[in-house]
Amino acid sequence: MQDFKSYTLERRPARGQLAKRLVIAAVFLVILAAGFLFLISEPDAPPQEPLLPTPEAEDSQQKKLILPLSLPGQTDTGESHRLPTAPARSIGFIKQAVAVEQEPATPTVADTPPLPETDNTHLLTYKVRSGDSLATIFKKHDLSANLLHRIVHSSDTAGKLVDIRPGEMLYLTLDKENNLLNLRLEQSKIHSLEISALDDGFKTEEISREVEPRTTHVSGVIENSLYLAAKEAGLSEKLIMQLAEIFGWDIDFALEIRAGDRFTVIFQEDYLDGEKLRDGPILAAEFINRGRSYRALRYIDAAGRSDYYTPEGRSMRKAFLRAPVDFRRISSKFTRERWHPVLGKKRPHRGVDYAAKTGTPIKAAGDGKIIHRGVKGGYGKAVIIQHGQVYTTLYAHLSRYNKKAKKGQRVQQGQIIGYVGRTGLATGPHLHYEFRVNGVYRNPLTVKLPAAKPIAKKYLADFQTVVQPLLTQLELISRTMVADAK
Ligand SMILES: [Zn+2]
């Protein structure tokens with residue numbers, strides 16, 4: 001068990017009452033002096049530069065670094081990843097052929113209307129608005145509630161019609177007497193539900209269009225931040241976050257990024273009818289941080305679970321997050337080894353400080369149990385989490401706690417436990433984060449963290465076969481980049 005008394009701010013033990021009083025008086029004076037210093041000096045946190053500058057980076061799309069790359073025995077379709085591959089020719093609508101990974105947030109709609117109008121039929125096109133239900137839409141078009149009832153109860157698939165969402169397109173084909181012949185709900189460019197009236201009921205089909213995955217890659221060198229460099233290289237926000245997530249276990253993107261750090265990302269893009277529909281997943285990536293190379297490869301096991309692994313098959317994920325706050329929300333980068341403005345001297349710092357706005361969410365670094373929640377001397381409002389027998393993490397100077405993160409409660413990695421503040425001995429809002437192994441303070445930025453499970457032995461051979469071409473490609477791009485830089 002840990003001895004949490006040693007978490008108190010002062011390291012020297014008070015010897016006797018007099019000494020204790022002296023210390024209290026000294027601390028009081030120091031606080032007064034610090035308050036004065038704070039008033040006359042610049043604030044602890046440097047002025048916030050915009051952490052997520054977007055618009056001006058948008059037009060740099062053309063700068064996308066695409067190297068001509070074609071390796072023998074390697075197709076550019078991502079086939080080696082068991083991702084759906086389309087035949088070369090576009091084949092219109094096909095039935096349930098593709099398991100599509102992610103739908104775009106706002107559904108967009110294919111241009112092709114379902115059934116051509118004839119002399120005896122006409123087509124109603126309706127864009128679903130917020131607040132609409134099939135019942136109101138049917139009523140609007142003089143179609144009976146009874147008809148709707150019969151349709152949605154004709155099969156489980158037809159029952160899905162009830163889930164219409166704003167932005168989806170509804171096509172109704174009717175005859176001269178306003179009898180419904182066909183109904184199509186286009187949920188996205190890819191997915192539709194189609195219902196045809198038969199003599200004795202309805203036929204329902206779920207239709208999926210096949211997307212064509214293509215593989216592409218970008219590289220970049222960091223000057224200021226990962227975000228800016230990745231944006232410059234042409235990576236979408238979604239891919240930047242994916243990249244940060246993959247390497248975020250090893251690299252603290254808030255504090256450890258240096259000018260000259262490099263990255264290469266090989267990723268999938270999904271095409272529909274020859275046009276790019278959306279970004280697919282990252283397939284492989286390399287990040288070179290302060291000269292050290294980290295490589296990640298995506299692998300889907302037989303159970304269909306996809307995850308990222310090192311070339312040796314070790315999981316990229318760890319039992320602990322490297323940083324308990326989102327790297328995009330950190331305003332000051334290098335705050336280690338600073339002169340302690342409150343104590344007026346350079347005191348050994350046993351944790352890492354993340355300067356961030358008051359209210360920035362703080363995440364539990366790993367699964368564990370909250371063993372302390374409350375004011376703790378100079379730490380101010382603090383939370384301590386016990387992770388198994390060996391590890392504890394401490395989060396200090398909070399403005400407030402998360403209501404759900406009470407003492408004695410179990411928390412999961414990533415769960416928000418509190419919010420950045422400046423309670424206790426702090427001149428500006430920041431998170432003070434400590435990491436202890438068997439009671440010993442360790443640098444959270446460099447401590448070796450226990451990893452999640454590696455690739456199961458039975459998949460290892462398959463993993464190596466699958467990732468080899470990606471690894472070769474990463475190496476080739478990396479070499480080209482270095483050659484270009486010379
Ligand atoms: Zn600190």
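Take the Cβ atoms of residue 375 and residue 312, set R0 to 45 Å, and the FRET efficiency comes out at 0.50.
Cβ-Cβ distance of residue 142 and residue 273, R₀ of 41 Å, FRET efficiency by 1/(1 + (r/R0)^6): the value works out to about 0.70.
Length gained on full extension, residue 460 to residue 157: 105.2 nm, using 0.36 nm per residue less the C-alpha separation. Charges were assigned to the Cβ only: +1 to each Lys and Arg, -1 to each Asp and Glu. The resulting dipole of segment 353-486 about its Cα centre is roughly 740 debye.
Local charge sum around residue 415 (other residues, Cβ-Cβ under 10 Å, Lys/Arg +1, Asp/Glu -1)?
Residues close to residue 415 contribute a combined charge of +2.
Values quoted throughout were computed directly from the atomic coordinates according to the rules given, and no laboratory measurement underlies them. What you see is a predicted model, and the numbers here were worked out from it, not measured in a lab. Every residue, glycine among them, receives a Cβ derived from its backbone with ideal geometry; neighbour counts consider all protein chains shown.
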